[in-house]
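See below for the structure under consideration.
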Amino acid sequence: MAEESSTHFIHEKIEADLTSKKVTNIVTRFPPEPNGYLHIGHAKAIHLDFGTALKYNGRCHLRFDDTNPEAEDLKYVKAIQEDIRWLGYDWGDHLYWASSYFDKMEKYARLLIEKGSAYVCNLSQEEFKSYRGIPTEKGLEPPSRNNTVEKNLELFDQMKSGKFEEGAYVLRARIDMSSPNLHLRDPAIYRIKHSKHHHTGDTYYIYPMYDFAHCIEDSIEGITHSLCTLEFEVHRPLYEWILKELELYCPQQIEFARLNISYMVMSKRKLLELVEENYVSGWDDPRLPTISGMRRRGYTAKAIRNLCSQVGCTKFESLTEIDLLEACVRNDLNETSKRAMAVLDPIRLIIENFPENKTEELQIPNHPQDESYGKRIVPFTKECF
């Protein structure tokens, strides 16, 4: 599949890195959470991640960030793979799972505890919010923040063994309770979950938080450019802090504006609500902006890729009019669709001066501009409809 050759600020950064020899081979990743079907907003990320790798002869990993067993399911894994392939992309041999790294992540969590950079906290989520405070005021130190390393390791091992109920304890990174960035005010990096995991079964009682897992996954896989949407910009300092504390390779995280289209719901949570409460017939209902729903409605993969190319890639949030999507569909179908005409409510016509038993075969082109689509034979007789 030939990719578009347009250049934007991310490609300019990548080209600068290649020119300076900072990197020699481009490695990107598309990291969906298997907790729902992909929608057209994800198509922009897929187009950017896979398209960038193709443009620079690199590779793109498909990695399932399966760190929350309560919401995840293998049916979503299958649907996501099908949608990516339908859009025209493939990950080859590079299919990965966050859950494959769980043992390594536990070791890294222990390392942070041993360094005094993490501690086990018994505050509930609501209680911790009162300690964390607001950006313009310093937060308060949680009571367990200064526990000994030995105490924290003991509690962490008990969390791991399944001794505690969900929510009883979390492991927090010990960073800065006075930081204006709330994501650096001792964020949770491990929590207790007693749910069965679709990939690992009942092996684990603790699971890493997304922010802790994601940067480690990128580092392990040797991702050169970790492309994500703008809401993760404030998470980048935590991304870099974790990898620096663990003395691991740190990829470059670059944020871009997500795709927003007028009259379309771009929230996986709201789409899930529509599906679960039976407002629609399923994730592939043609009224939904899911990729599978749009495919069922008749949208083409090329039209969606063309939309992503025309919208481009910027750092500024914007709203794309649905007219542009419809124009992309029309332009693609105009090039690829055979033409035919049908009369839904026909009138019988008899041509009196045409011979009774004569039939003429008319050759009608299947496409007005492209002869490669061939012609079809239409009979013409005394009696027509």
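The values are calculated or read from the model by the stated rules, or taken from the named source; none is laboratory data. Remember, it's a predicted structure, so these values are computed and weren't measured experimentally. Note that each Cβ is placed from the backbone with ideal geometry, even for glycine, and that neighbours are counted across all protein chains shown. Calculation scope for accessible area: heavy atoms of the full protein, side chains included, ligands and nucleic acids excluded. Shrake-Rupley method; radii C 1.70, N 1.55, O 1.52, S 1.80 Å.
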- Message: I'm trying to understand the selection: among the residues of region 233-255, which are crowded, with 19+ Cβ neighbours inside 10 Å and without any contact (Cβ under 8 Å) to a residue 40 or more places away in the chain?
- Response: Tyr239, Pro251, Gln253
- Take region 334-385 and flag every residue that is closer than 25 Å to Thr300 by Cα, out of contact with any Gly (no Cβ under 9 Å at 6 or more places or on another chain), open to solvent by less than 90 Å² (accessible area, probe 1.4 Å) and not aliphatic (A, V, I, L, M). Asn334, Thr336, Ser337, Arg339, Pro368, Asp370, Tyr373, Gly374, Arg376
- Query: Hey, any hits in region 40-48 for a residue that's of a type in the set (Lys, Arg), over 25 Å from Ser99 (Cα atoms), open to solvent by 10 Å² or more (accessible area, probe 1.4 Å) and touching a Cys at 6+ places or on another chain (Cβ under 8 Å)?
  - Reply: yes
- Task: Kindly provide the set of residues from region 145-186 that are within 18 Å of Lys129 (Cβ to Cβ), hydroxyl-bearing (Ser, Thr, Tyr) and surrounded by fewer than 15 Cβ atoms within 10 Å (Cβ to Cβ), ordered by number.
- Result: Ser178
- Task: Identify the single condition in (1) in a helix (DSSP H, G or I); (2) under 18 Å from Glu33 (Cβ atoms); (3) not β-branched (Val, Ile, Thr) that Met266 does not satisfy, given that it satisfies every other one.
- Result: (1)
- Query: Within region 336-385, how many residues turn out to be in contact with a helix residue (DSSP H, G or I) (Cβ under 9 Å, 6 or more places away or on another chain) and acidic (Asp, Glu)?
  - Reply: 1
- Query: Which members of region 269-283 meet the condition of being part of a helix (DSSP H, G or I), without any contact (Cβ under 8 Å) to a residue 24 or more places away in the chain and open to solvent by less than 60 Å² (accessible area, probe 1.4 Å)?
  - Reply: Leu274, Val275
- Item | Leading residue by the ranking (farthest from Phe385 (Cα to Cα)) among those in region 319-333 that are open to solvent by less than 70 Å² (accessible area, probe 1.4 Å) and out of contact with any helix residue (DSSP H, G or I) (no Cβ under 8 Å at 6 or more places or on another chain) | Ile322
- Task: State yes or no: is Ser117 in contact with a helix residue (DSSP H, G or I) (Cβ under 6 Å, 6 or more places away or on another chain), of a type in the set (S, T, N, Q) and within 17 Å of Ile189 (Cα to Cα)?
- Result: yes
- Message: List the residue pairs whose Cβ atoms are under 7 Å apart, where the first residue sits in region 138-164 and is among the β-branched types (Val, Ile, Thr), the second is open to solvent by 90 Å² or more (accessible area, probe 1.4 Å), and the two are 6 or more positions apart or on different chains.
- Response: Val149/Glu114
- Message: Given the condition open to solvent by 20 Å² or more (accessible area, probe 1.4 Å), under 28 Å from Val329 (Cα atoms) and either out of contact with any Cys (no Cβ under 6 Å at 6 or more places or on another chain) or of a type in the set (A, V, I, L, M) (or both), answer yes or no: does some residue in region 18-28 qualify?
- Response: no
- Item | Odd one out for Glu127 among (1) within 30 Å of the chain's Cα centre (by Cα); (2) surrounded by fewer than 20 Cβ atoms within 10 Å (Cβ to Cβ) | (1)
- What are the pairs, 6+ residues apart or on separate chains, where a residue within region 110-122 that is crowded, with 16+ Cβ neighbours inside 10 Å and of a type in the set (Val, Ile, Thr) has its Cβ under 6 Å from a residue that is modelled with pLDDT of 95 or more and assigned to a strand (DSSP E or B)? Val120/Leu171
